[in-house]
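Peer 1: Please read through the structure below; I'll follow up with questions.
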Amino acid sequence: MAKPDILIVGAADTGRAPMAAAMLRRLLGEQGLPWDVASTGIVGHDGYPAEPEARSAMMILGFDLDTHCARSLTPELVAQARVLLAIDSGIARVVRMRFPDAVTVSLGELAGRARDIPDPFRMQVGAWVQYGNEIVMLLQAGLARLCQLVDPAWSPDTGAGSSPEAAAVPSAEASIADPSRLDLAVRGVALSAAALSTALPHERRAPSPLTEQATLLVQRAEHILQLVADRPDVIVWAVARHHLLADLGELEQAAPADGFGRAYVALVRAMLVLASALPTPDQAHLLLKAFARFATPLTAADVTDASAMLSHFQ
């Protein structure tokens, strides 16, 4: 294995750390940045594979952890790395105590967020997918700062620095605004990194014009609801439903007061409220059909159809 420029430090190096390392490699590769990324852990689990749930979640997200082999954080690894990226603030404190001279930053600090990704050890795969998407968002938000930590001569304007191959990296704001940069696929269903996004409320983007917002809502609903119909075992429905309800609230505020939009939104919201448990495949397809109608101007016939759909949730 090449000497790591960026060393992601986790607890046992069997879950969040190797997940973040794989995601960061893809982000750097997309920008043409040649830096090597590896993972390690502060607790000795040398030789262990990645957790089964981590492997399953990463397979869903389009990555492969099958060959991962955990290893402990050593002075030799620290000496080779330019930056130690701790997966949470607690691990960052431990690393700083052990290696006070190393350049150490937590994932939340890197992204400018007061956020630590919880350890989903022994949780269901859906939780691992959820936290995997959060890791992607934090890495995207902190990518420009990470580049500067790895290479102080790197410029956010030109991507120039001591690595001549480096290309310009978008700003944190641009990265968050374009979560589709990590396009994935699940059983033939297009799935972007925003599909199961678990962004904190203060990380939500400002409302965009209705046409753009409707397009985003329809795309996200298609991704989530198709996944509900095909692979309900990997969905954290409470999280997915929360974000669909939040998006409906934004659409309701933007809908014309004299049109059919608000009445239609109210009926779709009622479907989601009644679907407190994971929808059946038939209900998921009805919701998918209901959300798809937001892509075009709503009519009285759409309101009538939504009323009929609602009966299937009662």
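The values are calculated or read from the model by the stated rules, or taken from the named source; none is laboratory data. Remember, it's a predicted structure, so these values are computed and weren't measured experimentally. Counting neighbours? That spans all protein chains shown, and the Cβs are built from the backbone with ideal geometry, glycine included.
Peer 1: Looking at (1) part of a helix (DSSP H, G or I); (2) hydrophobic (A, V, I, L, M, F, W, C); (3) within 21 Å of the chain's Cα centre (by Cα); (4) at pLDDT 95 or above, which is the one condition that is false for residue 128?
Peer 2: With (1) part of a helix (DSSP H, G or I); (2) hydrophobic (A, V, I, L, M, F, W, C); (3) within 21 Å of the chain's Cα centre (by Cα); (4) at pLDDT 95 or above applied to residue 128, the lone miss is (4).
Peer 1: Can you name the condition, by its number, that residue 105 falls short on among (1) touching a Ser or Thr at 6+ places or on another chain (Cβ under 9 Å); (2) assigned to a strand (DSSP E or B)?
Peer 2: (1)
Peer 1: While we're looking at this one, here's another question. Scan the stretch 277-284 and tell me whether some residue there is touching a residue at least 60 places away in the same chain (Cβ under 8 Å) and under 20 Å from residue 234 (Cα atoms). It would help to see each step written out before you state the result.
Peer 2: Going residue by residue through the stretch 277-284, those that are touching a residue at least 60 places away in the same chain (Cβ under 8 Å) are none.
Scanning the stretch 277-284 turns up no residue that is touching a residue at least 60 places away in the same chain (Cβ under 8 Å) and under 20 Å from residue 234 (Cα atoms).
Peer 1: I'd like the full set of residues that are buried (at least 16 other Cβ atoms within 10 Å of the Cβ) and within 23 Å of residue 227 (Cβ to Cβ), limited to the stretch 33-54.
Peer 2: Those that are buried (at least 16 other Cβ atoms within 10 Å of the Cβ) and within 23 Å of residue 227 (Cβ to Cβ): 50, 51, 53, 54.
Peer 1: Which numbered condition in (1) in a loop (DSSP other than H, G, I, E, B); (2) of a type in the set (A, V, I, L, M, F, W, C); (3) in contact with a strand residue (DSSP E or B) (Cβ under 9 Å, 6 or more places away or on another chain) is the only one that residue 91 fails?
Peer 2: Evaluating residue 91 over (1) in a loop (DSSP other than H, G, I, E, B); (2) of a type in the set (A, V, I, L, M, F, W, C); (3) in contact with a strand residue (DSSP E or B) (Cβ under 9 Å, 6 or more places away or on another chain) leaves (1) as the failure.
Peer 1: Report, by residue number, each residue of the stretch 270-305 that is of a type in the set (S, T, N, Q) and at pLDDT 85 or above. Break it down into steps so the answer makes sense when it comes.
Peer 2: Just the residues of the stretch 270-305 that are of a type in the set (S, T, N, Q), to begin with: 276, 280, 283, 296, 299, 304.
Listed by number, the residues that qualify are 280, 283.
Peer 1: So residue 159 passes all but one of these: (1) within 23 Å of residue 4 (Cβ to Cβ); (2) modelled with pLDDT of 75 or more. Which condition number does it fail?
Peer 2: With respect to (1) within 23 Å of residue 4 (Cβ to Cβ); (2) modelled with pLDDT of 75 or more, residue 159 is out only on (2).
Peer 1: Assess whether residue 57 counts as being of a type in the set (A, V, I, L, M) and surrounded by fewer than 19 Cβ atoms within 10 Å (Cβ to Cβ).
Peer 2: Numbers: of a type in the set (A, V, I, L, M): yes; surrounded by fewer than 19 Cβ atoms within 10 Å (Cβ to Cβ): no.
When the stated conditions are applied, residue 57 does not pass them.
Peer 1: Now for a different question. Looking at the stretch 88-117 only, could you name the residues that are closer than 24 Å to residue 240 by Cα and either out of contact with any Lys or Arg (no Cβ under 9 Å at 6 or more places or on another chain) or of a type in the set (D, E, K, R) (or both)?
Peer 2: Residues satisfying the conditions are 113, 114, 115, 116.
Peer 1: Does residue 62 fit the bill of being closer than 21 Å to residue 129 by Cβ and in the same structural domain as residue 144 (by TED's automatic domain parsing)?
Peer 2: Numbers: closer than 21 Å to residue 129 by Cβ: yes; in the same structural domain as residue 144 (by TED's automatic domain parsing): yes.
Yes; evaluated as a whole, the condition is true for this residue.
Peer 1: Follow-up question, since we're still on this one. Looking at 227, 267, 217 in this structure, which one is assigned to a helix (DSSP H, G or I), at negative phi, touching a Leu at 6+ places or on another chain (Cβ under 6 Å) and modelled with pLDDT of 50 or more? Reasoning before the result, please.
Peer 2: Working: 227 fails: touching a Leu at 6+ places or on another chain (Cβ under 6 Å); 217 fails: touching a Leu at 6+ places or on another chain (Cβ under 6 Å).
Every option except 267 fails the conditions.
Peer 1: Now a separate question. Suppose we keep only residues that are crowded, with 23+ Cβ neighbours inside 10 Å and over 18 Å from the mean Cα position of the chain (by Cα) within the stretch 11-32. Which one would you say is farthest from residue 99 (Cα to Cα)?
Peer 2: Restricting to residues being crowded, with 23+ Cβ neighbours inside 10 Å and over 18 Å from the mean Cα position of the chain (by Cα), the top hit is 14.
Peer 1: Follow-up. Just to be sure, is residue 12 assigned to a loop (DSSP other than H, G, I, E, B) and aliphatic (A, V, I, L, M)? Before you say what the answer is, go through the steps one by one.
Peer 2: Values: assigned to a loop (DSSP other than H, G, I, E, B): yes; aliphatic (A, V, I, L, M): yes.
Considered against the rule, which asks whether it is assigned to a loop (DSSP other than H, G, I, E, B) and aliphatic (A, V, I, L, M), residue 12 comes out as yes.
Peer 1: For the stretch 27-35, check the following and say yes or no: at least one residue is touching a helix residue (DSSP H, G or I) at 6+ places or on another chain (Cβ under 7 Å), farther than 22 Å from residue 109 by Cα and not in a loop (DSSP other than H, G, I, E, B).
Peer 2: Checking the stretch 27-35: at least one residue is touching a helix residue (DSSP H, G or I) at 6+ places or on another chain (Cβ under 7 Å), farther than 22 Å from residue 109 by Cα and not in a loop (DSSP other than H, G, I, E, B).
Peer 1: Going residue by residue through the stretch 92-108, is there one that turns out to be polar (S, T, N, Q), in the same structural domain as residue 21 (by TED's automatic domain parsing) and modelled with pLDDT of 95 or more? Talk me through it step by step, then tell me what you get.
Peer 2: Initial filter on the stretch 92-108 (polar (S, T, N, Q)): 104, 106.
Remaining after also requiring in the same structural domain as residue 21 (by TED's automatic domain parsing): 104, 106.
Now restrict to residues that are modelled with pLDDT of 95 or more: 104, 106.
For the stretch 92-108, residues polar (S, T, N, Q), in the same structural domain as residue 21 (by TED's automatic domain parsing) and modelled with pLDDT of 95 or more: present.
Peer 1: If I ask for residues that are within 17 Å of the chain's Cα centre (by Cα) and assigned to a helix (DSSP H, G or I), which ones from the stretch 50-72 would you list?
Peer 2: 53, 54, 55, 56, 57, 58, 59, 60
Peer 1: Let me ask something else. Taking residue 40, is it of a type in the set (Val, Ile, Thr), out of contact with any Cys (no Cβ under 6 Å at 6 or more places or on another chain) and in a strand (DSSP E or B)?
Peer 2: Criteria met by residue 40.
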